[in-house]
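Contents: one structure, followed by commentary.
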Amino acid sequence: MPAERDKPSTVVLDMLRSARSRQRTARSLIAAGELFGFSENTLRVTLSRLMARGLIESPERGLYRLSGQTDALNDFVERWRLGEARVRAWEPGTWLFAHVQGEVAASAWTLDALGFREVRPTLFARPDNLALSLDALRELATGLGLEPGVLLLRGTPEGDPAPARWIKAWHPTRLDDGYIEGLQRLAHSSSRLAGLEPDAARLECFRLGGEMIHRLAKDPLLPDQFVNASAREALWRAMLDYDLQGKEIWASGKDGALRRMPRPQLEMTR
């Protein structure tokens, strides 16, 4: 379980993302923090810092909600639920390219999240198998922070339609291993949740579920010519089931402030 899942800022953002209208009272956020071992003072400091960063706002005293700038990122995370509907069959030799003009770092997170890898200096590429038009992809990328000067275009490389040196950039074997490992961990956790203490069960499904949703949200979605797409789909289906199980566990809690399972928030690190 990645340690960053238990950062107080992550817990606050996840709790807000899961809330109806994406807002919660300070009391409910503090209660969530206590479940994760954070003091009231730590949570109040965290709320102040998140407001200073513009990630959350307070429409009235004692009430917090996500700010508008997080909406595109939230929507991107939720695309994991679409599973294999996010892709279409790949026509070998067709690629999407992103040419970065200027500072690469400013757009690197967004391009990585959308499955692009740098194949030449300032040139990023990915197989053209996303179920998005070029305009829709550009809109999605812009919402995630792609710099205006980045050119997105379709093309076909000269020679090999799938250059081996490009494919290596995605580490396909590592992706395949991750699908199998994720399936095993979800199955193991699912079988033991009922036997855990309520708070321990809530924490486990939050942590593991959040980790797997992040994987699925940022998966490069390579075509099955390069990875085991069937295993990726199996992981998605298993996560849908695990998500339902987690929601039932959280809904059974006695504290009304904590009856909605937190939804994972991606950290935009550049």
message = In Å², and per residue, what accessible area does the chain have when probed at 1.4 Å with the other protein chains present?
response = 48 Å²
query = Tell me, what is the FRET efficiency for N41 and A106 to the nearest 0.05, using R0 = 45 angstrom and their Cβ-Cβ distance as r?
reply = 0.80
query = What ³J(HN,Hα) values, in whole Hz, does the Karplus curve 6.51 cos²θ - 1.76 cosθ + 1.60 give for segment 33-42 when θ = phi - 60°, with x put for Gly and Pro?
reply = x, 5, 4, 8, x, 9, 7, 4, 4, 4
remark   = Proximal lysine pairs in the chain, meaning Cα under 25 Å and 8 or more positions apart or interchain, come to 5
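Under a Cβ-Cβ cut-off of 13 Å, what is the net charge of the residues other than G54 that fall near it, where Lys and Arg count +1 and Asp and Glu count -1?
Result for the neighbourhood of G54: +1.
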ask   = Which one of L35, T25, F226 is farthest out on the positive end of the charge dipole of the chain, using unit charges on Cβ (Lys, Arg +1; Asp, Glu -1) and the Cα centre as origin?
value = T25
message = Given all pairs of different Cα atoms, what value in angstroms does the Kirkwood hydrodynamic radius of the chain take?
response = 20.0 Å
query = In terms of solvent-accessible area of protein heavy atoms at a 1.4 angstrom probe, what is the ranking of V119, V45, highest value first?
reply = V45, V119
note = Per-residue accessible area, 1.4 Å probe, largest first, puts K7, K218 in the order K7, K218
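Please give me the summed charge of the neighbours of W80: other residues whose Cβ is under 10 Å from its Cβ, Lys and Arg +1, Asp and Glu -1.
In short, +2.
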task = Output ³J(HN,Hα) for segment 79-88: one whole-Hz value per residue in order, computed from phi by the Karplus curve 6.51 cos²θ - 1.76 cosθ + 1.60 with θ = phi - 60°, and x for Gly and Pro.
result = 5, 4, 5, 6, x, 6, 5, 7, 10, 9
key: Potential extension, H188-D224 segment - 0.36 nm per residue separation minus Cα distance   = 10.3 nm
Protection proxy ranking of 77-90, 29-42 - average other beta-carbon atoms within 10 Å, highest first = 29-42, 77-90
query = Given the alpha-carbon gyration tensor of segment 5-150, what are the semi-axes of its equivalent ellipsoid in whole angstrom, ordered largest first, with each equal to the square root of 5 times an eigenvalue?
reply = 36, 17, 13
task = Write down Rg/Rh for segment 132-200, rounded to two decimals, with Rg from the C-alpha atoms and Rh from the Kirkwood relation over Cα pairs.
result = 1.21
remark   = For segment 52-157, the accessible surface attributable to carbon and sulfur atoms (probe 1.4 angstrom, ligands and nucleic acids excluded) amounts in percent to 52 percent
request  = Name the residue, out of L47, L123, L196, whose mean-square fluctuation peaks in a Gaussian network model built on the chain with Cα pairs under 10 Å.
outcome  = L196
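The values are calculated or read from the model by the stated rules, or taken from the named source; none is laboratory data. Source: prediction; values computed, not measured. Heads up, the Cβs are rebuilt from the backbone with ideal geometry, glycines too, and the neighbour counts pull from every protein chain shown. In case anyone asks, the SASA skips ligands and DNA or RNA and just uses the protein heavy atoms, side chains included. Shrake-Rupley method; radii C 1.70, N 1.55, O 1.52, S 1.80 Å.
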